[in-house]
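Enquirer: One structure, as structure tokens, below. Some questions next.
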Amino acid sequence: MPFNHNDHYHDLLLRELPAAGRRALDIGCGNGKFAQKLALRGMAVDAVDADGDVIAAAREEAGALGLPAEIRFEQADITRMTLPPNTYDYISCLASIHHVPLETVERLREALTADGVLVILGCYRETTLPDHVVSALAVPVNAAYRLAVFAWEQRPAVRRNAPRRLPEAPVAAPRVSLAQIREYASTRLPRSDIRRLLFWRYLLVFRNGRGAGAR
Ligand SMILES: C[S@@+](CC[C@H](N)C(=O)[O-])C[C@H]1O[C@@H](n2cnc3c(N)ncnc32)[C@H](O)[C@@H]1O
């Protein structure tokens with residue numbers, strides 16, 4: 001499989017799973033790879049995507065794996081869905097929040113349990129000098145990763161067991177800058193951590209903190 005910037009950050013997102021978490025929601029799940037990883041950790045996952053082809057392929061892939069927990073795939077537009085309040089221990093959006101109005105995160109926040117965690121692996125519009133510098137630095141590192149993946153894929157054992165190609169998930173150009181995301185989160189997702197990542201992404205982590213341990 002080619003080097004994928006979203007997949008590259010899966011482990012970073014999985015570190016934010018609450019220890020006692022049971023239910024997860026993955027928004028814009030694409031081919032369902034991240035939902036599979038949540039299910040492997042025992043989470044019951046609702047995985048939502050607006051695209052019928054990717055949802056069908058994701059459902060088929062996951063069904064063949066015999067995962068320890070259920071993934072319920074649903075073709076739906078997150079901006080039109082009614083989300084049950086106080087339900088999910090973990091909500092993830094991987095490269096999907098820039099496809100919908102940013103205000104959608106407020107509905108996601110309402111769907112979190114008292115100690116729930118919202119993680120957004122987001123794409124942003126480059127507007128500042130630091131944006132452009134980091135973007136330029138990412139280019140050679142990205143090329144090196146791609147080369148390494150290509151070399152690995154040429155090994156006979158890897159070629160024999162190559163996974164089938166899945167439909168490409170729809171992409172969109174981000175319209176909101178990182179500064180705008182930080183400003184928005186400062187009021188709507190207070191105390192969230194936001195950090196810039198190398199491969200044209202940021203990570204936002206919002207811990208609800210309304211639970212017993214909250215001060
Ligand atoms: C760039 S892809 C990312 C897919 C996947 N999360 C990944 O990490 O590879 C963005 C996904 O968001 C989905 N999407 C776009 N608008 C959506 C909406 N309104 N509701 C649900 N999913 C949406 C697209 O169909 C697409 O699969």
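The values are calculated or read from the model by the stated rules, or taken from the named source; none is laboratory data. In this text, all values refer to a predicted model and were calculated from it rather than measured experimentally. All Cβ positions, even for glycine, are placed from backbone atoms using ideal geometry, and neighbour counts span all protein chains on display. The protein model used for the area step is the full one, side chains on, heavy atoms only, and it has no ligands, DNA or RNA in it. Shrake-Rupley method; radii C 1.70, N 1.55, O 1.52, S 1.80 Å.
Enquirer: With runs of 4+ DSSP H residues as the only contributors, calculate the mean residue ellipticity of the chain at 222 nm using -39,500 (n - 2.57) per run, divided by the residue total and rounded to the nearest 500.
Expert: Working: 8 runs with 77 residues, N = 215.
So the calculated ellipticity at 222 nm is -10500 deg cm²/dmol.
Enquirer: In a Gaussian network model over the chain where Cα atoms closer than 10 Å are linked, find which of Ala138, Ala185, Ala44 has the largest mean-square fluctuation.
Expert: Ranking Ala138, Ala185, Ala44 by mean-square fluctuation puts Ala138 first.
Enquirer: Could you give the dipole magnitude of region 99-183 about its Cα centre, charging the beta-carbon of Lys and Arg +1 and that of Asp and Glu -1, in debye to the nearest 20? If you can, show how the numbers build up before the last one.
Expert: Numbers: 11 positive and 9 negative charges, 136 e Å.
So the magnitude is around 660 debye.
Enquirer: Quick one: with all protein chains in place, what share of the accessible area of region 81-215 is carbon or sulfur, to the nearest percent (1.4 Å probe)?
Expert: On the way: 4520 of 7760 Å².
Of all accessible area on region 81-215, carbon and sulfur atoms account for 58 percent.
Enquirer: If you average over every viewing direction, what projected area does the convex hull of the Cα atoms of region 31-110 give, in nm²?
Expert: On the way: hull surface 20.2 nm².
Over all viewing directions, region 31-110 projects a mean Cα-hull area of 5.0 nm².
Enquirer: How large, in Å, is region 94-147 by the Kirkwood hydrodynamic radius built from its alpha-carbon pairs? Numbers along the way, then the final one.
Expert: On the way: mean 1/r = 0.0723 Å⁻¹.
When all Cα pairs of region 94-147 are included, the Kirkwood radius is 13.8 Å.
Enquirer: Of Val141, Val119, Val205, which has the largest mean-square fluctuation in a 10 Å C-alpha GNM of the chain?
Expert: Greatest mean-square fluctuation among the candidates belongs to Val141.
Enquirer: What is the dipole size for the chain, taken about its Cα centre, with +1 at each Lys and Arg Cβ and -1 at each Asp and Glu Cβ, in debye to the nearest 20? Write out the running numbers ahead of the final one.
Expert: Details: 28 positive and 24 negative charges, 110 e Å.
For the chain, the charge dipole is close to 520 debye.
Enquirer: Next up: Please calculate how many Å² of accessible area region 1-160 carries per residue, with a 1.4 Å probe and no DNA, RNA or ligand atoms counted.
Expert: I get 50 Å² per residue for region 1-160.
Enquirer: Counting only complete DSSP H runs, which helices of the chain cover 24 Å or more along their long axis at the Cα atoms and score a mean Kyte-Doolittle of -0.5 or above?
Expert: For the chain, where a helix must reach 24 Å along its axis and average at least -0.5, the hits are 129-153.
Enquirer: Along the charge dipole of region 1-83, Cβ charges K/R +1 and D/E -1, which of Ala20, Asn6, Ala64 sits furthest on the positive end?
Expert: Positive-end residue among those listed: Ala20.
Enquirer: Using the Cα atoms as the points, what is the convex hull volume per residue of the chain in Å³? Could you put the intermediate results ahead of the total?
Expert: Values: hull volume 26.3 nm³, N = 215.
Convex hull volume per residue, Cα atoms: 123 Å³.
Enquirer: Pick out, from Val54, His99, Ala144, the residue whose Cα sits farthest towards the positive end of the charge dipole of the chain, with +1 on the Cβ of Lys and Arg and -1 on the Cβ of Asp and Glu.
Expert: Most positive-ward Cα: Ala144.
Enquirer: Still on this structure, please answer the following. Over all distinct alpha-carbon pairs, what is the Kirkwood Rh of region 137-215 in angstrom?
Expert: Working: mean 1/r = 0.0594 Å⁻¹.
Computed over region 137-215, the radius equals 16.8 Å.
Enquirer: Pick from Gly30, Gly122, Gly63: which residue has the top mean-square fluctuation in a GNM of the chain where Cα pairs under 10 Å get a spring?
Expert: Result for the chain, Cα springs under 10 Å: Gly63 fluctuates most.
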